[in-house]
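Trainee: For reference, the structure I am asking about is given below.
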Amino acid sequence: MKRANASPPIHDLLAERWSPRAFDPNDSMEGAAIDTLLEAARWAPSASNTQPWRFLIGIRGDSTFAEIVKSLKPGNAKWAPNAAVLILALAKHVKEDQSPLPHAAYDTGQAVAHLTIQAQALGLSTHQMAGFDSKIADTLGVPEIYKPMTVIAIGRTGDADQLLEEDLLAREKTPRQRRARDQIAIQGRWSKSLED
Ligand SMILES: Cc1cc2nc3c(=O)[nH]c(=O)nc-3n(C[C@H](O)[C@H](O)[C@H](O)COP(=O)(O)O)c2cc1C
């Protein structure tokens, strides 16, 4: 576990969530757990309650999982196929009449954040990925008004020393880093401290 070095302390579910790569290839997830994760996503807030998120679920061994694996960029293809579940998260970015839904990506990210914390509460790990070929949406029959945002790997972790090659193992063990709090938020007007 790579617990966040948070000060002041934050909730364990937030501090203990991180994005591992050493998923256990022998682990499988019960349907009830998947239902719980999707229920957590379902209750996320969204602009005008538009709920623009959609999820296509691949369970290791099924054809959706295999197609999602084929779409992964090489760096992710090394480890993500060991996850029990791969979910393609999509955002409905325009309505059927082509008028835009400008907060669709924001809302979908928030639904996924709910899902990741619910997973943490169930003892499951999650790892979101942008490194995949968005043509997966065509392959899986997704209409164009839904834009693929991320693939989410979900499952239990195993022994990283056994499961990962040297380069990924080093990353798995690197402490998590974040910008300082005054580099992301200040009271008042814009400050240089917020800039890169
Ligand atoms: C939108 C998004 C895209 C990401 N894409 C990838 C990816 O393609 N491959 C990967 O290994 N990690 C990916 N990550 C994971 C991030 O690198 C990770 O969340 C970040 O380094 C912070 O680490 P932590 O989640 O362990 O706190 C992605 C995360 C997000 C939210």
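The values are calculated or read from the model by the stated rules, or taken from the named source; none is laboratory data. Only a predicted model underlies this, so the values are computations on that prediction, with no experimental measurement involved. Backbone-built Cβ (ideal geometry, glycine too); neighbour counts: all protein chains shown. Heavy atoms of the whole protein, side chains included, go into the accessibility calculation; ligands, DNA and RNA do not. Shrake-Rupley method; radii C 1.70, N 1.55, O 1.52, S 1.80 Å.
Trainee: Residues to consider are T64, T36, T50; find the one that is polar (S, T, N, Q) and under 29 Å from K2 (Cα atoms).
Mentor: T36
Trainee: Same structure, new question: Please go through region 1-27 and give me each residue that is open to solvent by 60 Å² or more (accessible area, probe 1.4 Å) and away from the ligand (no atom under 15 Å from the Cβ), ordered by number.
Mentor: Matches in region 1-27: S7, P8, P9, N26.
Trainee: All but one of (1) touching a Gly at 6+ places or on another chain (Cβ under 9 Å); (2) open to solvent by 10 Å² or more (accessible area, probe 1.4 Å) hold for Q187; state the number of the condition that does not hold.
Mentor: Unmet for Q187, out of (1) touching a Gly at 6+ places or on another chain (Cβ under 9 Å); (2) open to solvent by 10 Å² or more (accessible area, probe 1.4 Å): (1).
Trainee: Also: Go through (1) under 15 Å from the mean Cα position of the chain (by Cα); (2) farther than 25 Å from L164 by Cβ for I87 and report which single condition fails.
Mentor: (2)
Trainee: Here is a further query. Would you check which residues across region 144-196 are farther than 30 Å from S7 by Cβ and in contact with a strand residue (DSSP E or B) (Cβ under 9 Å, 6 or more places away or on another chain) and list them?
Mentor: Correct list: E144, I145, Y146, K147, P148, M149, V151, G155, G158, L163.
Trainee: Could you list, in sequence order, the residues of region 174-196 that are charged (D, E, K, R) and part of a loop (DSSP other than H, G, I, E, B)? Steps first, answer last, please.
Mentor: Applying the first criterion (charged (D, E, K, R)) to region 174-196 yields 176, 178-179, 181-182, 189, 192, 195-196.
The answer is R176, R178, R179, R189, E195, D196.
Trainee: Sticking with this one: Would you point out the residue of region 114-151, among those that are of a type in the set (A, V, I, L, M, F, W, C) and near the ligand (Cβ under 9 Å from one of its atoms), that is farthest from the chain's Cα centre (by Cα)?
Mentor: Within region 114-151, the match that is farthest from the chain's Cα centre (by Cα) is F132.
Trainee: Are any residues in region 165-177 aliphatic (A, V, I, L, M) and within 12 Å of the ligand (Cβ to nearest atom), and if so, which ones?
Mentor: Of all residues in region 165-177, those aliphatic (A, V, I, L, M) come to 168-170.
Matches in region 165-177: L168 only.
Trainee: Does Q110 fit the bill of being within 12 Å of the ligand (Cβ to nearest atom) and either hydrophobic (A, V, I, L, M, F, W, C) or modelled with pLDDT of 95 or more (or both)?
Mentor: For Q110, the condition - within 12 Å of the ligand (Cβ to nearest atom) and either hydrophobic (A, V, I, L, M, F, W, C) or modelled with pLDDT of 95 or more (or both) - is met.
Trainee: When you go through K95, K73 one by one, which is the residue that is in contact (Cβ under 8 Å) with a residue 40 or more places away in the chain and more than 15 Å from the ligand (Cβ to nearest atom)?
Mentor: K95
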